[in-house]
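Report on the structure given below.
The values are calculated or read from the model by the stated rules, or taken from the named source; none is laboratory data. Since the model is a prediction, treat every value here as computed from it, not as a measurement. Note: ideal-geometry Cβ built from the backbone for every residue, glycine included; neighbour counts use all protein chains shown.
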Amino acid sequence: MNSYILPIANAVKGGQKTAAAFVEEALSRAEAAKEYNTLISLTAERARARAKEVDVAIKKGEDVGALAGVPFIAKDNFLTFDGETTAASNILKGFKAPYQGTVIERLEAAGAICIGKANLDAFAHGSSTENSDFGPTLNPRGKDYVPGGSSGGSAASVALDIAPFALGTDTGGSIRLPASYCGVVGYKPSYGRVSRFGVVAMASSTDVVGTLTRTVEDAAVVLDIIAGRDERDATTIEPEPHSYATGASKKEPIAKRKIGVIKEFMSDHVEAETRKLIEKKLDAFRQAGHTVEEVSLPATELSLAIYYVVVPAEVSSNLARYDGVRYGFSDPAATTLSETYEGTRSNGFNDENIRRVMIGNYVLSSGYYDAYYRRAQTARTLLVEEFKKAYETYDVLVGPSAPGTAFRFGEKSDPLTMYLTDVMTVSASLAGLPAVSVPAGDVQGMPAGLQIIGAYGNDQAVLELARETERTA
């Protein structure tokens, strides 16, 4: 499958069509798809102004960037100048960002134009977008089904062809899971590959900025623009010394890879029809000449337990800034500082936000820190070392993106049942590894995803194999 992004940029730069026309078409598609509730807001005023700037620059013969006139959507936890940044939470309703995120700045410098802010689980706490304070997003493949989360609005927007790409964030699978459920490509780069500056934080040690696109090549095209060091984010690393897009767009077959199938990801917990789709993809790899072998990573079975100790601990710290004093919602009935704190947080956060804060405070509290948090971090180190050892033998590791296809609204109302949907994705997040979900086929009309996980820093290998997976679809 080829790029949907580059033809737009080429048409704008070649004068065949204006950026303004592409922006108006994207805004029209967003309006036509309002019933799916994919967007919290449209950034129409700034989008039209920027499109005009691009078109004027084209007429003057100026360089307008690699993504000239390409419309895109940002998850509503990215700080942008136009409109509000709410993170889908009532506590930030009405908040206007005083600066833009690094990723937004880099995309704008390349000529791309943000046309809207996508829905998500509030503060990215969820796997279905049912936890949004602005209402749930509907799955484009079936309105009774969730689109996944927390980047559900971003994934659904791309699946509905509102824009050729959308930004998401992935803390434990929040890009890959909705990509699997909506039938699009969801790419999570290596931790630190892309700056997190100007993104509302969830869990700082696993938060990663990534993309939702219709093709792997488009994921690589965007990664070329947004990857790289940022002096405002000390965790950032250098991009690999080549173009991701060039590698992902090659027509010839890639060099033969040694692929490890994670045994623990192909257990009876995976729905039978989903497992058949993954096995079909594995057969395609074998037919293409790749070596495909089963590999056991026992520590991955601890991943969910590790994640739901470590991440709530970081959530509780990151959400401490929402106190009703500096910005965002403040309880109007409060008469003292203590009442302001209590009223603001009790009324501003939803149930899932409060649940994660309470778990985080508990595991960090005196008497429980060693029993829970320290042990979880020790187990996390074991998981990282297991992955490192596996990559001494295998180029990439693969498995399903999720145990099955999208579920119906309300089907997983129990928090523990909901958390289990992340069981295939949290391992790569805890280890900071690059990972992608690519469509593997449909089960009764609903899509399932194949997950490809690479060694830390080896994003190129993940994208190349994902691209080959598309060719054998």
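Leu416 fulfils the conditions (1) among the hydrophobic types (A, V, I, L, M, F, W, C); (2) under 30 Å from Thr235 (Cα atoms); (3) without any contact (Cβ under 8 Å) to a residue 40 or more places away in the chain except for a single criterion, (2). Does Thr206 satisfy the condition of being under 17 Å from Met424 (Cα atoms) and either in contact (Cβ under 8 Å) with a residue 24 or more places away in the chain or of a type outside the set (Ser, Thr, Tyr) (or both)? When the stated conditions are applied, Thr206 passes them.
Residues in the stretch 156-171 that are among the hydrophobic types (A, V, I, L, M, F, W, C), more than 19 Å from Thr206 (Cβ to Cβ) and either at pLDDT below 95 or touching a strand residue (DSSP E or B) at 6+ places or on another chain (Cβ under 6 Å) (or both): Val158, Ala163, Phe165, Ala166.
Yes/no matrix, rows are residues, columns are (1) surrounded by fewer than 23 Cβ atoms within 10 Å (Cβ to Cβ); (2) under 17 Å from the mean Cα position of the chain (by Cα); (3) within 18 Å of Leu304 (Cβ to Cβ):
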{"residue": "Val363", "(1), (2), (3)": "yes, no, yes"}
{"residue": "Lys389", "(1), (2), (3)": "yes, no, no"}
{"residue": "Gly399", "(1), (2), (3)": "no, no, yes"}
{"residue": "Ala428", "(1), (2), (3)": "no, yes, yes"}
{"residue": "Gly432", "(1), (2), (3)": "yes, yes, yes"}
{"residue": "Met446", "(1), (2), (3)": "yes, no, no"}
{"residue": "Gln451", "(1), (2), (3)": "no, yes, yes"}
{"residue": "Ala455", "(1), (2), (3)": "yes, no, no"}
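Scanning the stretch 133-165 for residues that are farther than 22 Å from Met424 by Cβ and either charged (D, E, K, R) or outside any loop (DSSP other than H, G, I, E, B) (or both) yields Asp133, Lys143, Asp144, Ser157, Asp161, Phe165. Please specify each residue of the stretch 34-83 satisfying the condition of being over 21 Å from the mean Cα position of the chain (by Cα), more than 24 Å from Leu223 (Cα to Cα) and small (Gly, Ala, Ser). Ala44, Ala49, Ala57, Gly61, Gly83 - these are the residues of the stretch 34-83 that are over 21 Å from the mean Cα position of the chain (by Cα), more than 24 Å from Leu223 (Cα to Cα) and small (Gly, Ala, Ser). Just checking, which of Thr393, Thr417, Thr378 is modelled with pLDDT of 95 or more, of a type in the set (Val, Ile, Thr), surrounded by fewer than 15 Cβ atoms within 10 Å (Cβ to Cβ) and more than 29 Å from Gln460 (Cα to Cα)? It is Thr378.
Residues that are of a type in the set (Val, Ile, Thr) and surrounded by 10 or more Cβ atoms within 10 Å (Cβ to Cβ) were ranked within the stretch 329-344; the one that is nearest to the chain's Cα centre (by Cα) is Thr344. You will find that of Thr336, Thr291, the residue that is in contact with a strand residue (DSSP E or B) (Cβ under 9 Å, 6 or more places away or on another chain) and over 29 Å from Ala97 (Cβ atoms) is Thr291 and no other.
Yes or no: Ala402 out of contact with any His (no Cβ under 8 Å at 6 or more places or on another chain) and in a loop (DSSP other than H, G, I, E, B)? Answer is yes for this residue. Taking the stretch 282-383 and the helices (runs of 4 or more DSSP H) fully enclosed by it, the elements with 1 or more residues that are touching a residue at least 12 places away in the same chain (Cβ under 8 Å) and in contact with a His (Cβ under 8 Å, 6 or more places away or on another chain) are at 303-318, 351-364. Per the listing Ala66, Ala97, the residue uniquely touching a residue at least 40 places away in the same chain (Cβ under 8 Å), touching a Ser or Thr at 6+ places or on another chain (Cβ under 9 Å) and among the aliphatic types (A, V, I, L, M) is Ala97. Scanning the stretch 294-325 for residues that are β-branched (Val, Ile, Thr) and more than 24 Å from Asn77 (Cα to Cα) yields a total of 3.
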